[in-house]
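Remarks on the structure that follows.
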């Protein structure tokens, strides 16, 4: 089944999951999105923040004002699957995961996470 790459490559809205002003990846991603004048609406997600980068910060996908086209997942691997499920329930269309511990290496837990992620992708479209 063909799926358009537009939600990933031409996202109109981007959720930064694990948004923080202290961690390198979220700060760099936000800076790049704003420096390039991206037209995408940016939604920082972090349950411990109310505001970030001068905008509202949301505790989870369900709290967002709209379903994002793209989620940039910058959280520990142990939380990726549950957060992605929440995103899918909200209407999330695509995601990029910035985390190790999902499917690689010899650790059975990593492989279990990879299999669960594959199943979520296959069943959610």
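Just so it is clear, none of the values below were taken in a lab; they were calculated from the coordinates. Every value quoted in this text rests on a predicted model; they were computed, and no experiment measured them. Reconstructed Cβ throughout: ideal geometry from the backbone, glycine too, with neighbour counts over all protein chains shown.
Restricting attention to the chain, close to 10% of DSSP beta bridges with both partner residues there are antiparallel. With contributions of -39500 (n - 2.57) from each DSSP H run of at least four residues, the per-residue ellipticity at 222 nm computed over the chain stands at -11500 deg cm²/dmol. Annotation: extensible slack from residue 89 through residue 123 equals 11.0 nm (criterion: 0.36 nm per residue apart, minus Cα-Cα distance). Relative to the longest principal axis of the Cα atoms of the chain, the long axis of helix 24-35 lies at roughly 50 degrees.
Here the extension length gained between residue 115 and residue 35 equals 25.1 nm, from 0.36 nm per residue of separation less the Cα-Cα distance. Once C-alpha pairs closer than 8 Å and six or more residues apart are averaged by separation and normalised to the residue number of the chain, the relative contact order reads 23 percent. Extension gain, residue 10-residue 82: 0.36 nm per intervening residue step, less the Cα-Cα distance, totals 23.4 nm. Between residue 28 and residue 107, the modelled label-to-label distance comes to 2.1 nm, taking each label 7 Å out from Cα in the direction of the beta carbon.
Candidate values (i) 41, 28, 26; (ii) 41, 34, 25; (iii) 62, 29, 22 were compared with Cα extents along the principal axes in Å computed on the shown model; the agreeing label is (ii).
Computed from Cα positions, the angle between helix 77-90 and the longest principal axis of the chain comes to roughly 70 degrees. Compared with the dominant principal axis of the Cα atoms in the chain, helix 108-124 is inclined by about 70°.
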